[in-house]
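K.L.:
Please read through the structure below; I'll follow up with questions.
The values are calculated or read from the model by the stated rules, or taken from the named source; none is laboratory data. Here the structure is a predicted model, which is why all the values come from computation and not from measurement. Here the Cβ positions follow ideal geometry from the backbone for every residue, glycine too, while neighbour counts run over all protein chains shown. The accessibility values were calculated without ligands, DNA or RNA, using every heavy atom of the protein model including side chains. Shrake-Rupley method; radii C 1.70, N 1.55, O 1.52, S 1.80 Å.
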Amino acid sequence: MRYAMAVDTKKCVGCSDCVVACQTENNVPIGYCRDWVVEVMDGTYPQLEIELRSERCNHCENAPCVRCCPTGASHIVDGGIVLVTPNKCIGCGACIASCPYDARYPHPKGYVDKCTFCIHRVNQGMKPACVAVCPTKCMYFGDLDDPNSEVSVVLKKRKYKTLIPEAGTKPHLYFLI
Amino acid sequence: MNEELIISGRENLMVDPHLHIWHWPIPLYLFLGGLAAGVLFFAALYYLMGKENEYRSAVRRVPFIAPIALVIGLAALFYDLRHKAFFWQLYTTIRIESPMSWGAWTLLVITTASFIWCALHIREFFPNWDWKYNWLKELETFFSKYKKQLAWVMLIFAIITGVYTGILLSAFNARPLWNTSVLGPLFLASGLSAGAAAIVLASKNREERLLFTKIDLIILGVELFLIVHMFMGFLASTQVQIEAAGLFLGGEYTMVFWIFVVVIGIIIPGVLDLMELRGRHIPAIIPGVLVLFGSLMFRFVFVFAGQVSRWLY
Ligand code: SF4
Ligand code: SF4
């Protein structure tokens, strides 16, 4: 099993509902976020092109944050989801410095926190909160090893990219372009 | 035009607008670790070469800096942890892929070794020292018997510690400025030069001072060479590393790096060392303090600038 997410940059309208949904679902402390929306504007008026991306932890296959963690608090579970065990984390910040996407943050309680792909929901057969709430249905979630999963199907049909693939992290957050 | 904005307003503390997760305790700790490594390296080396009596300061007296520096460094490191109550988790596992993990174990070894070494030489400072308890006396006899082995452990772990202070940073491919393997030898060299400078500062023996002035001069030369080498590597690399090097080549860290680290920390003390060796009398305190200052600034500049450098989207 290999969980992945695909985000359609053509359908996203940048409403940031995914951000709010995540904050509510996961009790993210006020002032912090586990996901965020990036707008890239290219060209000069009137030839403008906009790309909108809802970003979060890429649940990298070759995760530098897991490699550099001195205690094993950062780890990869079945399905390839990268998690942090709060009671093993010493809050050294190595994993925060090691993530090229700046997807992690120090939780005010001391340990490091980040997107979990809503593993608590996924284990119950539900979709991650951000995917479930998106009003344009621009996000797809599922198992890459299952050819019939939403995410496998859409990745077959559409062109896509990952962020900073040259960092060698093998991200599992895809952006449909 | 290409403009990139986080329109949902991400303002994660210590991460935005650019990473600043590591503050002053980390560079301070890297400096103290490097200094201790340098001091212990020379103590062990000259002891093993049988020069204990000629270079008394280096072998017997200056090593007392090491345990103090290491304890302060470890305290600084601990202070910077955000989940302090769980720090013991560091010592429940060894993870070879994580420099911070094997570094923590290395520090445990080198700190213990430095304490034992100082205990064996405590009579340098307190001639009438008495260990009081029998088991302590027995321990002293035990380690005196194995002093040579202890020196070897110190020598090897001093090198590992010195290199580790650099590898800790160079292992982060997410921060292009740190991501160069030159950083290991460069930080080792910086630690050794700090160690040599400390010996020059402390020694009252002219011959010993001259030897370590010479050693200091050579290491400063090596450092300069490695710095040039590092920039050559950056500029011949990818756009992210070219931009990272740009922080020191016209960017916001240019002045502090070239003035404090290179000119004040390497070139001026190097020239003063040279003048001293040519027979002019230079008060040892000037080059010594400058080298220590440069070595400390080097850690600060690198830790802070590295956190600004990043991948382009
Ligand atoms: S995106 Fe960052 S935090 Fe997530 S797995 Fe990759 S390196 Fe780790
Ligand atoms: S902050 Fe926690 S999860 Fe991150 S590397 Fe340190 S111990 Fe591991």
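K.L.:
How far, in degrees from 0 to 90, does helix B:206-235 lean away from the longest principal axis of the Cα atoms of chain B, to the nearest 10?
P.N.:
Between the helix axis and the principal axis of chain B, the angle is about 20 degrees.
K.L.:
Run the helix sum for chain A: -39,500 (n - 2.57) per DSSP H stretch of 4+ residues, divided by residue count, reported at 222 nm to the nearest 500 deg cm²/dmol. Intermediate values should be presented prior to the final figure.
P.N.:
Details: 6 runs with 36 residues, N = 177.
Calculated mean residue ellipticity at 222 nm is -4500 deg cm²/dmol.
K.L.:
A further question on this structure: How big is the antiparallel share of DSSP beta bridges in the stretch A:3-176, given as a percent to the nearest 5?
P.N.:
DSSP beta bridges in the stretch A:3-176 are roughly 85 percent antiparallel.
K.L.:
From the Cα trace of the stretch B:25-308, what convex hull volume per residue do you get, rounded to a whole Å³?
P.N.:
137
K.L.:
Report, for the protein assembly as shown, the % of DSSP beta bridges that are antiparallel, rounded to 5.
P.N.:
In the protein assembly as shown, DSSP labels about 85 percent of beta bridges as antiparallel.
K.L.:
Tell me, what is the FRET efficiency for B:MET232 and B:ASN134 to the nearest 0.05, using R0 = 56 angstrom and their Cβ-Cβ distance as r?
P.N.:
0.40
K.L.:
Local charge sum around A:GLY72 (other residues, Cβ-Cβ under 10 Å, Lys/Arg +1, Asp/Glu -1)?
P.N.:
Summing Lys and Arg as +1 and Asp and Glu as -1 gives +2.
K.L.:
Please give the peptides B:152-158, A:100-106 ranked by average Cβ packing (other Cβ atoms within 10 Å per residue), highest first, as a rough proxy for protection. Don't skip to the end; give the middle numbers.
P.N.:
Working: B:152-158: 21.1, A:100-106: 23.0.
With the highest mean Cβ count within 10 Å placed first, the list reads A:100-106, B:152-158.
K.L.:
Round to a whole angstrom and tell me the spacing of the C-alpha centers of the stretch A:114-136 and the stretch B:237-289.
P.N.:
The stretch A:114-136 and the stretch B:237-289 have Cα centres separated by 53 Å.
K.L.:
A further question follows. Could you sort A:117-130, B:163-176, B:249-262 so that the peptide with the highest average Cβ count within 10 Å comes first and the rest follow in order?
P.N.:
B:163-176, A:117-130, B:249-262
K.L.:
Given the protein assembly as shown reduced to its alpha-carbon atoms as identical point scatterers, what log10 I(q)/I(0) does the Debye formula return at q = 0.10, 0.12 Å⁻¹?
P.N.:
-0.81, -1.04
K.L.:
OK, next. Rounded to the nearest 20 Debye, what is the dipole magnitude of the stretch B:125-270 about its Cα centre when Lys and Arg each give +1 and Asp and Glu each give -1 at the C-beta?
P.N.:
Here the size comes out at about 480 debye.
K.L.:
Now a separate question. If you build the convex hull over the alpha carbons only and average its shadow over all orientations, what do you get for the stretch B:136-194? Give it in nm² to one decimal. Walk me through the numbers before you get to the answer.
P.N.:
Numbers: hull surface 21.7 nm².
The number I arrive at for the stretch B:136-194 is 5.4 nm².
K.L.:
Using a 10 Å cut-off on Cβ to Cβ distances, tally the other chain neighbours for every residue of B:169-179 and report the average as a whole number.
P.N.:
So the per-residue partner count for this stretch is 4.
K.L.:
May I pose another question? Using a 1.4 angstrom probe and counting only protein chains, how large is the accessible area of A:VAL20 in Å², to 10?
P.N.:
80
K.L.:
Same structure again: Among all the lysines, which ones have a C-alpha under 23 Å from B:LYS51's C-alpha, if same-chain residues fewer than 8 places away are not counted?
P.N.:
The qualifying lysines are B:LYS145, B:LYS147, B:LYS148, B:LYS204, B:LYS214.
K.L.:
Going by alpha carbons, how many degrees (0 to 90, nearest 10) lie between the helix axis of B:134-145 and the longest principal axis of chain B?
P.N.:
Its long axis makes an angle of about 80 degrees.
K.L.:
Also: Just tell me how shielded A:26-37 is by partners: mean number of partner chain Cβ atoms within 10 Å of each residue's Cβ, no decimals.
P.N.:
3
K.L.:
Let me ask you something else. Could you tell me which residue out of A:ALA4, A:HIS75, A:HIS172 lies farthest along the dipole of the stretch A:3-176 toward its positive end? Charges go on the beta carbon: Lys and Arg +1, Asp and Glu -1, centred on the Cα centre.
P.N.:
The residue sitting most towards the positive pole is A:HIS75.
K.L.:
Under a point-charge model restricted to the Cβ atoms of Lys and Arg (+1) and Asp and Glu (-1), what is the dipole moment magnitude of the protein assembly as shown relative to its Cα centre, in debye to the nearest 20?
P.N.:
My answer is approximately 1100 debye.
K.L.:
If you don't mind, there's one more thing I want to ask. Considering only DSSP states other than H, G, I, E and B, which chymotrypsin sites (Phe, Trp or Tyr not before Pro) in the stretch B:37-125 qualify as loop sites with at most 15 other Cβ atoms within 10 Å?
P.N.:
Counting only loop positions with at most 15 other Cβ atoms within 10 Å, the chymotrypsin sites (Phe, Trp or Tyr not before Pro) in the stretch B:37-125 are B:PHE125.
K.L.:
If you don't mind, another one. How much accessible area is lost when chains A and B come together, counting both sides, with a 1.4 Å probe, in Å² rounded to the nearest 100?
P.N.:
Chain pair A/B: roughly 3900 Å² of buried accessible area.
K.L.:
Pick out, from B:TYR164, A:PRO100, B:PHE257, the residue whose Cα sits farthest towards the positive end of the charge dipole of the protein assembly as shown, with +1 on the Cβ of Lys and Arg and -1 on the Cβ of Asp and Glu.
P.N.:
Value computed over the given set: B:TYR164.
K.L.:
Over all Cα pairs of the stretch B:98-246, how is the pair count split among 5 Å bins, expressed in % and running from 0 up to the last occupied bin?
P.N.:
Over the stretch B:98-246, the share of Cα pairs per 5 Å bin runs 2, 9, 13, 15, 15, 15, 12, 8, 5, 4, 2, 1, 0 percent.
K.L.:
Across peptide B:89-95, what mean number of C-beta atoms from other chains lies inside 10 Å of a residue's C-beta?
P.N.:
Taking the mean over all residues of the peptide, I get 4.
K.L.:
Considering every Cα-Cα pair within the stretch B:201-313, what fraction, in whole percent, is farther apart than 16 Å?
P.N.:
In whole percent, the long-distance tail amounts to 62.
K.L.:
Whole percent per 10 Å bin, from 0 to the bin with the longest distance: what is P(r) over all C-alpha pairs of the stretch A:1-68?
P.N.:
Using 10 Å bins, I get a P(r) of 16, 37, 34, 12, 2 for the stretch A:1-68.
K.L.:
What percent does the relative contact order of the stretch B:25-308 come to when contacts are Cα pairs within less than 8 Å and at least six residues apart?
P.N.:
Reported relative contact order: 23 percent.
K.L.:
Thinking of the stretch A:3-176 as a set of Cα atoms, what percent of all their pairs are more than 20 Å apart?
P.N.:
The calculated P(r) of the stretch A:3-176 puts 53 percent of pairs beyond 20 Å.
K.L.:
Explain nothing, just compute: Karplus ³J(HN,Hα) = 6.51 cos²θ - 1.76 cosθ + 1.60, θ = phi - 60°, for every residue of the stretch B:50-56 in order, whole Hz, x for Gly and Pro.
P.N.:
x, 9, 4, 7, 5, 10, 4
K.L.:
Any idea what angle helix B:183-202 forms with the longest principal axis of chain B, computed on alpha-carbon atoms, 0 to 90 degrees, nearest 10?
P.N.:
40
K.L.:
Tell me the carbon and sulfur percent of the accessible area for the protein assembly as shown, rounded to whole percent, probe radius 1.4 Å.
P.N.:
64
K.L.:
Let me ask something additional. Dipole of chain B (Lys/Arg Cβ +1, Asp/Glu Cβ -1, origin at the Cα centre): which of B:GLN241, B:THR92, B:ALA198 lies farthest to the positive side?
P.N.:
Value computed over the given set: B:ALA198.
K.L.:
With +1 on each Lys and Arg Cβ and -1 on each Asp and Glu Cβ, how big is the dipole of chain B about its Cα centre, in debye rounded to the nearest 20?
P.N.:
1000
K.L.:
Still on this structure: Sort B:32-40, B:138-146 for me by packing, meaning the mean count of neighbouring Cβ atoms within 10 Å per residue, highest on top. Don't skip to the answer; put the middle values down first.
P.N.:
Numbers: B:32-40: 30.0, B:138-146: 12.1.
Ranking, from highest mean packing down: B:32-40, B:138-146.
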